[in-house]
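Structure, as structure tokens:
The values are calculated or read from the model by the stated rules, or taken from the named source; none is laboratory data. Keep in mind it's a predicted model, so treat the numbers as computed, not measured. Positions of Cβ are generated from backbone atoms using ideal geometry, with glycine treated the same way; all protein chains shown enter the neighbour counts. Ligands, DNA and RNA are excluded from the accessible area calculation, which covers all protein heavy atoms including side chains. Shrake-Rupley method; radii C 1.70, N 1.55, O 1.52, S 1.80 Å.
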Amino acid sequence: MKKTLLAAGVAAMMMGATPVMAKTLVYCSEGSPEGFDPAIYTTGTTFDATSETVFNMLVQFKPGTTELEPAIAKSWEVSDDGLSVTFHLRDDIKFQTTDFFTPSRPLNADDVIWSFERQMDKENPYYKLANGNFEYFNAMSMGELIKSIEKVDAHTVKFVLTEPNAPFLANLAMPFAAIHSQEYEQQLIDEGKPQQANQKPIGTGPFQFVAYREDAAIRYQANPDYFRGKQPIDNLVFAITPDAQVRYQKLMAGECQVMPFPNPADVKAMKQNDEIQVLQEPGLNVAYLAYNTQQKPFDQPEVRRALNMAINKQAIIDAVFQGAGEVAKNPIPPTMWSYNDAVKDDPYDPEKAKQMLADAGVKNLKMDIWAMPVQRPYMPNARRAAELMQADLAKVGVDVNIVTYEWGEYLKRASAVDRKGAVILGWTGDNGDPDNFMGTLLSCAGVGGANRSQWCYKPFDDLIQQARTLSDQAERAKLYEKAQVIFKQQAPWDTLAHSTVFMPIRKEVTGYVINPLGLHSFEGVDIQE
Amino acid sequence: MAAISTPAAPGTFRHQLGGFWKDFSASRGALVGLIFIALIFLVALLAPWVAPHDPALQDRSALLVPPVWHAEGSWRYILGTDAVGRDILSRLIYGARYSLSISAMVVLISMCGGIFLGLLAGYFRGWVETVITRVMDVVLAFPSLLLALGLVAILSPGLTSAMIAIALVQLPYFVRLTRAAVIGEKSREYVTASRLAGAGHMRLMFNTLLPNCMAPLIVQATLSFSTAILDIAALGFLGMGVQPPTPEWGAMLANAREFMGSAYWAVTFPGLVILLTVLMINLMGDGLRDALDPKMKRS
Amino acid sequence: MTSQTLTMFKFILVKLAQLVPTFIGVTIVAFAFIRLLPGDPILLMAGERGISAERYAQLQAQFGFDRPLPVQYWEFLKGLLHGDLGNSLVTHSPVVGEFFSRFPATMELSLFALAFAVIIGLPAGVLAAIRRGKTLDHTVVGISLTGYSMPIFWWGLLLIMFFSGTLGWTPVSGRISFMYFIEPVTGFMTIDTLLAGDWGAFLSALHHLILPAIVLGTIPLAVIARQTRSSMLEVLGEDYVRTARAKGLSSYRVIMVHTLRNALISVVTVIGLQVGLLLAGAILTETIFSWPGIGKWMIDAISRRDYPSVQGGLVLIAFIVMIVNLLVDLAYGVINPRIRH
């Protein structure tokens, strides 16, 4: 009670100062943004502070889903050969007017072309400024995929591709593809301070940037010219609070209204708190244990399946996820299209596992299990999960040694083809396309890289390669469903879990929708008094 | 000959010890500290017999069970269980082994190293001294925790690297103390006498000078013992200390941090045990200082 | 007088000269430190996705990590002499600017912590010495010893749970309420809010300082109380104090006059000894309270393997510690002239 009184008191002080009551939403964000140009960074924290607030993309994911819907482009068509995509832009979009920039013209095709050229044209000043380090653009192979971008007229843009690529459209809804103002950035170049675009962003989004205090707070205000109309809240503040425990305390104290990434252990108490509502959604992710399928005895699918059957995954869900997750059986999450629910998981059965290991001639097996040193959205505590696996595997006579490395080192060493042991790792979807999971993590091309089980299996690889080039979703889904069956038989991973995303928000907040891709958007959010 | 090598005659040694004990035991706090620490050592030593459970045993049916005084608690797990159903009391008991032996090793390493370098610096003076003191200055110029953090990261997190890192950041204090004490003692008559009697460098340093510089070093040793416990816990808190499932106290605390709001016992007890142990060592250290360091002796 | 000034001058010069080799040592350690750390920023940026060998090599070359170490060190030194510590790999802005935009936050927190320690620790120590052996003395000694033995990260969490969580008296974290966006002039929130003439903001800043200052000040408080008590006991036993007392001066006056100097010495000692400890404590305190200071910044930089930030930050921190130690040495020289000789 006292907390609310205090908060109310402070709020009253502020209201006294401003004649019109301004609605302010405070979001306890988990970290500082690396900068304000979403094209050069890869973290969700930065995207929340940029693409989700200040910018728009050509197309966007419909809130709460991974389906595409119009944004800056009101419509688009793909040519029959799949080699070109034409976008028709809205003509009523204004860039934000702030104390550091006043646009002289509405958004047009030039801005769209500019936003991609700055990431691919070696002569572009922004390309030079960032030394071409547009990591996401590069990682999605956009440079190789886009042959050219043509301006058809002031509000029509045509992308010509080098090959048919089904996930391309979804890529354009990703944060790195945000549309920047050519006028603003050209102005900065002329003034000799192009780096300002990374400090004070200008976009078309629902909120415009006001100020940033390092490691403390970011302040936005509603964009009055937003093409979907001004937001119900007037001010949006990101209060940077890295500690989950502290975020929770602040939420209870009313110092913020929305917080991401709660400790799973706190969720139960949060749900019982009258002032807090906990939104939840299955996350678009998977946590897995990847065996090295090129090392003996893990090159035998029977051995891998036996080990999978020895590990009690439900126990991991209970103890590590505190119930905030579900046991995974496929390499893609159940909310994704083409998820094959007919696949049957290998059951937890230590006796059978022991038998299978004996049949495979495996005795006195000693193995390493790698536990990553950091908390990830798909795995709250890998060490604890490893401890559970260690105890489980001991029961079938497998001696497990838990190893860990510094995170960067872990990722690098886990990629090595001759790596010893099985690694705990996971993946959070970028764009909701199954190819983003199976193509990235299990293809032959990924061996030595993101394919941590070093698994190259021709029947599987053929299916996913073919699925990538088709543009008909139903056709693609069939191929992916088949691929999941093969995956389960071969068991290059033990699919551990899909985590549940929790968003604790205060009762008075309305209109907040969980983004399945793990980002946080405040469009349409309101506070009821 | 033997008589000149030490300032005090052998006959009076027992008397000295008696005096020390009298001074030490005069402080009630020091005695309490000593008894407590002795108890903890005993418990650590007898852990397999004292602990009610195996510290690594996971009872999947008893995750985060509260301590016995709660309605849901039971005598089976007196201080409750952690997130994977391990008995906290047993882990604390076994944890004493790690916390105490790591700290003891830290003190041993930094004390031996510090004494050696300090003796060299104080005895030889000149460039040896300059080099040693400058290097120690460099170590002291960084916040100890930051340096330890970095060292652990370099050596890859774990028990041994935490030990080495903390020993290194403690080193300068021993070096400085030894050096100052040696410089003070070196001009004393008994040292000159010993040198005239033909004692070599080694003998002079280790047999003649060292025993007479021990008092402040022993006090510093208790101090650094308690600091070591705290530093290891701090490293654990920042995720760089002893790695799980080792039941080291700091690591237990750090791993249970997420339950601060929902299962206070998993966080409170390791912290409390750290606090109590450090407090008792410091109490004992105070008594030691009063008894050993004449300058600090109550007037 | 002149000879005294001269000795003082010589004293300062010698001290300064001693700093030079130490400083070079510091740059070497800072440089080596980050390069010995396993993992690197490129791998961290790539994340779960991984990175191709060609792209990796390309980025290495771009950041200059592929050049021989002596060359890299030389570049680092050259930049240092020009006050340029390079650009952060993460934010791409100059490290020096990043550091000094956060340094005032740490400084403000440390000063308040120290003030808290002195304001409570000094009188407590004096009172304990006067009432030696009484309950008050035992209480002070007991509490200060407990404070001295406190794992402060645990302490901070307990305080947050209790004062912010259960009672709701203090804000949980941060420097100031989100409602105030004060333009930084000095970087000290308390001063900037006053400069802006905003009382509400000033109070909010103070309110946010309470818990972190208490947490960070706990150990210095214990040290100061103990130090004051024992130096007071020493003074009370000195002949001249006994004489003064015998002369009939009230014990109150004796204490007041003679304590001041000793108190000063103990505080200076503590500051001198505690700068490093205070900064170490600041790392933990800032982590717990999300305090936007250099401690948190360094931890972030280390975890992101932001080489220029880590090496620049280390050098700057070490430099500040060295300067403070030098000032403490000089202050000693002023308070206690015997040391100069």
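Looking at (1) touching a helix residue (DSSP H, G or I) at 6+ places or on another chain (Cβ under 6 Å); (2) more than 8 Å from every other protein chain (Cβ to nearest Cβ); (3) hydrophobic (A, V, I, L, M, F, W, C), can you tell me which one C:A53 breaks?
Result: C:A53 fails condition (1) only.
On the basis of being assigned to a helix (DSSP H, G or I) and modelled with pLDDT of 90 or more, does B:L117 make the cut?
Here the answer is yes, as B:L117 does meet what is asked.
Are there any pairs, at least 6 apart or on different chains, whose C-beta atoms fall under 6 Å, with the first in the stretch B:48-66 and more than 10 Å from chain A (Cβ to nearest Cβ) and the second part of a loop (DSSP other than H, G, I, E, B), and if so, which?
B:P55/B:P247; B:D59/B:G85; B:A62/B:G85; B:V65/B:G80; B:P66/B:E72; B:P66/B:G73; B:P66/B:G80
Determine whether B:Q58 is part of a helix (DSSP H, G or I), open to solvent by 30 Å² or more (accessible area, probe 1.4 Å) and either touching a helix residue (DSSP H, G or I) at 6+ places or on another chain (Cβ under 6 Å) or modelled with pLDDT under 80 (or both). Walk me through it before giving the result.
Values: part of a helix (DSSP H, G or I): no; open to solvent by 30 Å² or more (accessible area, probe 1.4 Å): yes; either touching a helix residue (DSSP H, G or I) at 6+ places or on another chain (Cβ under 6 Å) or modelled with pLDDT under 80 (or both): yes.
It is false that B:Q58 is part of a helix (DSSP H, G or I), open to solvent by 30 Å² or more (accessible area, probe 1.4 Å) and either touching a helix residue (DSSP H, G or I) at 6+ places or on another chain (Cβ under 6 Å) or modelled with pLDDT under 80 (or both).
Can you pull out every residue in the stretch A:94-145 that is of a type outside the set (A, V, I, L, M), closer than 28 Å to A:Q221 by Cβ and modelled with pLDDT under 90?
Filtering the stretch A:94-145 for residues of a type outside the set (A, V, I, L, M) gives A:94-106, A:108, A:110-111, A:114-119, A:121-128, A:131-138, A:141, A:143-144.
Pick out the ones that are also closer than 28 Å to A:Q221 by Cβ and you get A:94-106, A:108, A:110-111, A:114-115, A:118, A:126, A:136.
Correct list: A:Y136 only.
Of the conditions (1) surrounded by 22 or more Cβ atoms within 10 Å (Cβ to Cβ); (2) more than 14 Å from chain A (Cβ to nearest Cβ); (3) closer than 29 Å to B:A233 by Cα, C:I143 fails just one. Which one is it?
The number of the failed condition is (1).
Test of understanding: among A:T45, A:T86, A:T53, which residue is of a type in the set (S, T, Y), touching a Ser or Thr at 6+ places or on another chain (Cβ under 8 Å) and surrounded by 22 or more Cβ atoms within 10 Å (Cβ to Cβ)?
From the options A:T45, A:T86, A:T53, the qualifying one is A:T53.
How many residues, within the stretch A:506-526, are touching a helix residue (DSSP H, G or I) at 6+ places or on another chain (Cβ under 8 Å) and outside any loop (DSSP other than H, G, I, E, B)?
So the answer is 1.
Within the stretch C:186-193, is even one residue part of a helix (DSSP H, G or I) and within 9 Å of chain A (Cβ to nearest Cβ)? Walk me through how you get there before you give the answer.
Pass one, the stretch C:186-193, residues part of a helix (DSSP H, G or I): C:189-193.
Retained after the next criterion (residues that are within 9 Å of chain A (Cβ to nearest Cβ)): none.
No, the stretch C:186-193 contains no residue that is part of a helix (DSSP H, G or I) and within 9 Å of chain A (Cβ to nearest Cβ).
Answer yes if at least one residue in the stretch C:166-177 is within 14 Å of chain A (Cβ to nearest Cβ), in contact with a helix residue (DSSP H, G or I) (Cβ under 8 Å, 6 or more places away or on another chain) and either assigned to a helix (DSSP H, G or I) or of a type in the set (D, E, K, R) (or both), and no otherwise.
Yes.
Restricting the search to the stretch A:391-409, which residues are crowded, with 21+ Cβ neighbours inside 10 Å, at the interface with another protein chain (Cβ under 8 Å from one of its Cβ atoms) and in contact (Cβ under 8 Å) with a residue 12 or more places away in the chain?
Selection gives A:T404, A:E406.
Could you tell me whether A:I218 is surrounded by fewer than 21 Cβ atoms within 10 Å (Cβ to Cβ) and touching a residue at least 24 places away in the same chain (Cβ under 8 Å)? It would help to see each step written out before you state the result.
Values: surrounded by fewer than 21 Cβ atoms within 10 Å (Cβ to Cβ): no; touching a residue at least 24 places away in the same chain (Cβ under 8 Å): yes.
No.
I'd like to verify a number: residues in the stretch C:61-82 that are away from chain A (no Cβ under 14 Å) and open to solvent by less than 50 Å² (accessible area, probe 1.4 Å), how many?
Restricting attention to the stretch C:61-82, the residues satisfying the condition of being away from chain A (no Cβ under 14 Å) are C:66-82.
If we keep only those that are open to solvent by less than 50 Å² (accessible area, probe 1.4 Å) too, we end up with C:72-73, C:76-77, C:79-80.
Residues in the stretch C:61-82 being away from chain A (no Cβ under 14 Å) and open to solvent by less than 50 Å² (accessible area, probe 1.4 Å): 6 in total.
Could you check how many residues of the stretch A:417-452 are more than 22 Å from the chain's Cα centre (by Cα), over 15 Å from C:G47 (Cα atoms) and not in a helix (DSSP H, G or I)?
Going through the stretch A:417-452 one residue at a time, the tally reaches 7.
From the list A:N308, A:N340, A:N381, which one is under 24 Å from the mean Cα position of the chain (by Cα), closer than 24 Å to A:W455 by Cβ and either open to solvent by less than 30 Å² (accessible area, probe 1.4 Å) or among the aliphatic types (A, V, I, L, M) (or both)?
Exactly one of A:N308, A:N340, A:N381 is under 24 Å from the mean Cα position of the chain (by Cα), closer than 24 Å to A:W455 by Cβ and either open to solvent by less than 30 Å² (accessible area, probe 1.4 Å) or among the aliphatic types (A, V, I, L, M) (or both), namely A:N340.
Identify, from the list A:L307, A:L357, the residue that is touching a residue at least 40 places away in the same chain (Cβ under 8 Å), in contact with a helix residue (DSSP H, G or I) (Cβ under 9 Å, 6 or more places away or on another chain) and closer than 24 Å to A:R376 by Cβ. Write out each step before concluding.
Numbers: A:L357 fails: closer than 24 Å to A:R376 by Cβ.
None of the others qualify; the one that does is A:L307.
Testing C:I120 on (1) closer than 30 Å to A:Q249 by Cα; (2) more than 12 Å from every other protein chain (Cβ to nearest Cβ); (3) modelled with pLDDT under 85, one condition comes back false. Which one is that?
(3)
Tell me, please, whether a residue that is in contact (Cβ under 8 Å) with a residue 24 or more places away in the chain and open to solvent by 50 Å² or more (accessible area, probe 1.4 Å) can be found in the stretch C:41-60.
For the stretch C:41-60, residues in contact (Cβ under 8 Å) with a residue 24 or more places away in the chain and open to solvent by 50 Å² or more (accessible area, probe 1.4 Å): absent.
Regarding the stretch A:160-168, can at least one residue be identified that is buried (at least 19 other Cβ atoms within 10 Å of the Cβ) and modelled with pLDDT of 90 or more?
There is at least one residue in the stretch A:160-168 that is buried (at least 19 other Cβ atoms within 10 Å of the Cβ) and modelled with pLDDT of 90 or more.
Would you mind listing the strands (runs of 3 or more DSSP E) fully within the stretch A:175-283 where at least 3 residues are more than 27 Å from C:W297 (Cα to Cα)?
Values: elements: A:207-213, A:217-222, A:235-240, A:276-282.
It comes to A:276-282.
Just to be sure I understand, how many residues within the stretch B:73-89 are in a helix (DSSP H, G or I) and surrounded by fewer than 24 Cβ atoms within 10 Å (Cβ to Cβ)?
Initially, the stretch B:73-89 is screened for residues in a helix (DSSP H, G or I), giving B:88-89.
Now restrict to residues that are surrounded by fewer than 24 Cβ atoms within 10 Å (Cβ to Cβ): B:89.
Here the count works out to 1.
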